[in-house]
Amino acid sequence: MAKTSEAKVGNILRYNGELVTVTELIHRTPGKGGAFYLGKFRNIKTGKIVEARLGTDEQIEICRVETNDFQYLYEEGDYFVVMDNVTFDQFNVPKALFGPSAKFVKEGMDVIVSFESEEPIMAQAPNFVELEITYAEPAVKGDTSSGAQKYATTENGVEIKVPLFVNQGDKVKVDTRTGEYVERVK
């Protein structure tokens, strides 16, 4: 247990039985009464913002979170099986922790997973991933207006919009946060 004054932005706390990350913490000293902290916390599981007023000597629980690089091995139902690159231990991580970037994760890729007392609480895929195009619609002759795009399917079955010059067999760089085409890779 720690005092509120020891918390910092970025810490992960157990607040009202839920894991939250501190996004903002402001110390206030009003003219009347004692000093206090105004805090904004983001719930790790739901993403909701919670605001709280905490006393300077109020006891809070700062959680110890370990964040490491893992290698994605395979998919098993609603879980991704990942392996620790140092100890070679394997863990099941819920797909939901990766959010929308889960569809871009492929075998052998390095991912970042955070654990709090042996339970995975956060997971992150790399910001950019290189994927091969397995199917691309043929470009229509004359359809060369600036920024024209067509649909293409990647090696893991995700459909994305790409420029007309991208063909089947090309490798492309995709932003996993937005799902958008970035560039063609040579």
Hey, residue 98 within 16 Å of the chain's Cα centre (by Cα), surrounded by 11 or more Cβ atoms within 10 Å (Cβ to Cβ), farther than 23 Å from residue 20 by Cα and of a type in the set (Phe, Trp, Tyr) or not: no
Which numbered condition in (1) under 23 Å from residue 118 (Cβ atoms); (2) modelled with pLDDT under 90; (3) touching a Gly at 6+ places or on another chain (Cβ under 8 Å) is the only one that residue 22 fails? (2)
Give me a count of the residues in region 50-78 that are farther than 13 Å from residue 38 by Cβ and more than 17 Å from the chain's Cα centre (by Cα). 12
Which listed residue is modelled with pLDDT of 90 or more and in contact with a Lys or Arg (Cβ under 9 Å, 6 or more places away or on another chain), from 80, 70: 80
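Scan region 90-103 and give yes if some residue there is free of Cβ contacts under 8 Å to residues at least 40 places away in the same chain, closer than 29 Å to residue 179 by Cα, assigned to a loop (DSSP other than H, G, I, E, B) and charged (D, E, K, R), otherwise no. Lay out the reasoning, then the answer.
Of all residues in region 90-103, those free of Cβ contacts under 8 Å to residues at least 40 places away in the same chain come to 90-99, 102.
Okay, now just the ones that are also closer than 29 Å to residue 179 by Cα, so 90-99, 102.
Now drop any that are not assigned to a loop (DSSP other than H, G, I, E, B), which leaves none.
Checked region 90-103: no residue is free of Cβ contacts under 8 Å to residues at least 40 places away in the same chain, closer than 29 Å to residue 179 by Cα, assigned to a loop (DSSP other than H, G, I, E, B) and charged (D, E, K, R).
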Give me the residue from region 1-42 that is among the polar types (S, T, N, Q) and buried (at least 17 other Cβ atoms within 10 Å of the Cβ) and, out of that set, farthest from residue 64 (Cα to Cα). 4
How many of the residues in region 158-186 are surrounded by fewer than 14 Cβ atoms within 10 Å (Cβ to Cβ), without any contact (Cβ under 8 Å) to a residue 24 or more places away in the chain and not charged (D, E, K, R)? 1
Considering only region 157-168, I want to know if a residue exists there that is among the charged types (D, E, K, R) and in the same structural domain as residue 95 (by TED's automatic domain parsing). no
Any hit, region 112-120, residues being more than 30 Å from residue 17 (Cβ to Cβ), under 14 Å from the mean Cα position of the chain (by Cα) and surrounded by 14 or more Cβ atoms within 10 Å (Cβ to Cβ): no
Of the candidates 81, 86, the one satisfying the condition of being exposed (fewer than 14 other Cβ atoms within 10 Å of the Cβ) and more than 19 Å from residue 6 (Cα to Cα) is 86
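The values are calculated or read from the model by the stated rules, or taken from the named source; none is laboratory data. Values in this document were obtained by computation on a predicted structure and should not be read as measured data. Every residue, glycine among them, receives a Cβ derived from its backbone with ideal geometry; neighbour counts consider all protein chains shown.
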